[in-house]
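The block underneath contains the structure these notes are about, expressed in C-alpha cells.
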Amino acid sequence: MTRIRKAVLPVAGLGTRNLPAAKVTPKNLLNVFDRPILAHVVAEGRAAGIEHFVIVLGRGQGAIEDYFDHAVELEQALTDKGRGELLAALTGDLLAPGQMSFVRQMAPLGLGHAVWCARDIIGDEPFAVMLPDMLMDASPGALAQAIEAHDAVGGNIIVVEPAPEGETHKYGIVALGETAPGFRGRLRRMTGMVEKPPPGTEPSNLFISGRYILQSGVFEALAAHSRGAGGEIQLTDALRARLDQEMFHALAYEGRTFDCGDPLGLLRAGVAFGLKHPSQGAAVRAALTALLAG
Ligand code: UTP
C-alpha cells in the first residue's frame with residue numbers, strides 16, 4: 001500500500017463566521033488555548049507520519065508562513081532569559097526545511113478549487129486532506145485512524161461522524177454499503193454523498209467531517225472546475241464523480257470534533273484543550289469553576 005506522505009491544508013476561505021476576529025488574523029491562526037488552531041492540526045498530521053504539508057493560502061495570510069518559520073530575535077531573547085520551556089514550545093511547532101509548501105489560491109472559489117491548487121505538489125500519489133478549522137481530539141489522531149484504514153483497504157477514506165440530532169440537512173451526508181472487517185464496525189463502503197439533504201431524505205446520520213485520504217484521480221474531476229452548491233467548486237462533487245471509478249470507504253472515527261469555524265466552536269475547543277493541558281489544566285478548571293459560580 002502506498003504510504004501517505006503529503007497532506008493538503010486549505011486555509012484560503014474567507015472565514016466569515018469568525019469575523020471580525022478573522023479580519024486581519026487568518027482564521028486558522030486564531031487561538032485554541034495556547035497555540036493557533038493550525039498548529040494543533042499540523043501536530044495531528046505529524047503524529048500520523050505526514051512528511052510534507054501543502055498549505056493553500058489566500059491573500060493577507062503571510063503570517064501563516066511566518067508562524068512555521070524561525071522568529072530569530074524572539075528565540076534569541078528567550079534563550080538569553082533562560083526561558084527554555086517556552087522556547088521549546090515555540091520551536092516544537094516548526095517543520096524541517098523542505099517539509100512545507102505554500103500555494104496561493106488567489107480567489108476563494110471553493111474547497112475543491114483550493115485542493116486542486118495543490119495538484120502539482122501532490123503529483124500522482126495518494127494524499128491526505130485536513131480541513132484545519134475542524135479540530136479533532138482523538139488518540140490516536142483522526143488522520144492516523146484514517147491512514148490505518150487506508151493501509152487496510154486502500155482507495156479513498158472519508159472520515160465521518162454522527163451529525164447532531166435533527167441537523168443532517170446542514171452537512172455533507174454519506175450513503176453506506178457493507179461493513180469492512182475489523183475497525184470495530186466503524187469502516188464501511190461508501191456508496192454516495194449528498195450535500196445538505198432535505199430533512200427526512202438523509203441516507204445516514206454521518207457527515208463528512210474534515211479528514212480525507214484521496215487518490216490523485218480526484219484532480220481530474222476537479223480540473224473540470226464545475227460549480228456546485230453556493231456557486232463554489234466543491235470537493236464533494238469531485239469525489240462523487242469518482243465514486244464509480246474508485247473505491248471509497250467512510251470511517252466513523254473515534255474522538256470528538258470542535259468546529260472552530262465559528263466563535264462558539266472555537267471557545268469550546270479552547271476550553272477543552274485548556275482543561276487537558278498538562279501543566280495548566282488544573283488552573284483552567286479552577287478558573288472556570290470560579291467563573292461559573294458567578
Ligand atoms: P469553510 O467554508 O468552512 O471555511 O471551508 P470558510 O469559507 O473560510 O468559512 P466561512 O463559511 O466563510 O465562515 C472549509 C475549509 O476550506 C478552506 C477554508 O479556509 C476552510 O479551512 N477553503 C474554503 C479554502 O481554502 N478555499 C475556499 O475557496 C473555500
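The values are calculated or read from the model by the stated rules, or taken from the named source; none is laboratory data. Everything quoted here is computed from the prediction, not taken from an experiment. Using ideal geometry, Cβ is built from the backbone for each residue, glycine included, and neighbour counts are taken over all protein chains shown.
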Point to revise | Answer residue from the range 116-138, given it is in a helix (DSSP H, G or I) and either within 8 Å of the ligand (Cβ to nearest atom) or surrounded by fewer than 20 Cβ atoms within 10 Å (Cβ to Cβ) (or both) and is farthest from the chain's Cα centre (by Cα) among those | key: D120
Check your understanding: In the range 177-195, what count of residues is obtained for those that are surrounded by 13 or more Cβ atoms within 10 Å (Cβ to Cβ), in a loop (DSSP other than H, G, I, E, B) and either of a type in the set (D, E, K, R) or free of Cβ contacts under 8 Å to residues at least 12 places away in the same chain (or both)?
Key -> 1
Study note, to complete from the structure: Scanning the range 75-95 for residues that are in a loop (DSSP other than H, G, I, E, B) and out of contact with any Asp or Glu (no Cβ under 9 Å at 6 or more places or on another chain) gives K81, G82, R83, D93, L95
Point to revise | Boolean, G49 is at pLDDT 95 or above, more than 13 Å from the ligand (Cβ to nearest atom), of a type in the set (G, A, S) and surrounded by fewer than 17 Cβ atoms within 10 Å (Cβ to Cβ) | key: yes
Practice item. Read through the list (1) at pLDDT 95 or above; (2) under 21 Å from the mean Cα position of the chain (by Cα), then give the number of the only condition that G62 fails. Key: (1)
Check your understanding: Scanning the range 1-19 for residues that are within 12 Å of the ligand (Cβ to nearest atom) and part of a loop (DSSP other than H, G, I, E, B), which turns out farthest from the chain's Cα centre (by Cα)?
Key -> L19
Review point. Does G110 count as over 29 Å from D34 (Cβ atoms) and within 16 Å of the ligand (Cβ to nearest atom)?
Key: yes
Revision key, fill the gap. Note: among L131, L90, L135, L109, just one is over 26 Å from D259 (Cβ atoms) and aliphatic (A, V, I, L, M), namely L90
**Study point:** Any pair with Cβ under 8 angstrom, 6 or more apart, that starts in the range 103-122 at a residue that is more than 9 Å from P10 (Cβ to Cβ) and ends at one that is charged (D, E, K, R) and not in a loop (DSSP other than H, G, I, E, B)
**Key:** G112/D237; I121/K6; I122/K6
Practice item. Could you please let me know if F248 is of a type outside the set (V, I, T), under 16 Å from the mean Cα position of the chain (by Cα) and within 30 Å of I121 (Cα to Cα)? Key: no
Point to revise | Residue pairs meeting the criteria (Cβ under 9 Å; at least 6 apart or on separate chains; first more than 11 Å from the ligand (Cβ to nearest atom), in the range 216-237; second among the polar types (S, T, N, Q) and part of a loop (DSSP other than H, G, I, E, B)) | key: G217/Q245; S226/Q234; R227/Q234; G228/Q234; D237/S226
Exercise for review: Filter the range 243-275 down to residues that are in contact (Cβ under 8 Å) with a residue 40 or more places away in the chain and in a loop (DSSP other than H, G, I, E, B), then give me how many there are.
Suggested key: 9
Exercise for review: With respect to H40, determine if the residue is more than 12 Å from the ligand (Cβ to nearest atom) and either in contact with a Lys or Arg (Cβ under 8 Å, 6 or more places away or on another chain) or of a type in the set (S, T, Y) (or both).
Suggested key: no
Review point. From the list T79, T25, which residue is closer than 24 Å to E232 by Cβ and either surrounded by 16 or more Cβ atoms within 10 Å (Cβ to Cβ) or away from the ligand (no atom under 16 Å from the Cβ) (or both)?
Key: T25
Practice item. Looking only at the range 219-229, decide whether some residue is small (G, A, S), touching a strand residue (DSSP E or B) at 6+ places or on another chain (Cβ under 9 Å), modelled with pLDDT under 95 and more than 23 Å from F127 (Cα to Cα). Key: yes
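I need a count of the residues in the range 20-48 that are in a loop (DSSP other than H, G, I, E, B) and without any contact (Cβ under 8 Å) to a residue 40 or more places away in the chain.
Within the range 20-48, residues that are in a loop (DSSP other than H, G, I, E, B) and without any contact (Cβ under 8 Å) to a residue 40 or more places away in the chain number 6.
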Exercise for review: Give me the pairs, please: first residue somewhere in the range 156-168 and in contact (Cβ under 8 Å) with a residue 24 or more places away in the chain, second residue anywhere and surrounded by 24 or more Cβ atoms within 10 Å (Cβ to Cβ) and assigned to a loop (DSSP other than H, G, I, E, B), beta-carbon distance under 6 Å, and either six or more positions apart or on two chains.
Suggested key: V159/Y253
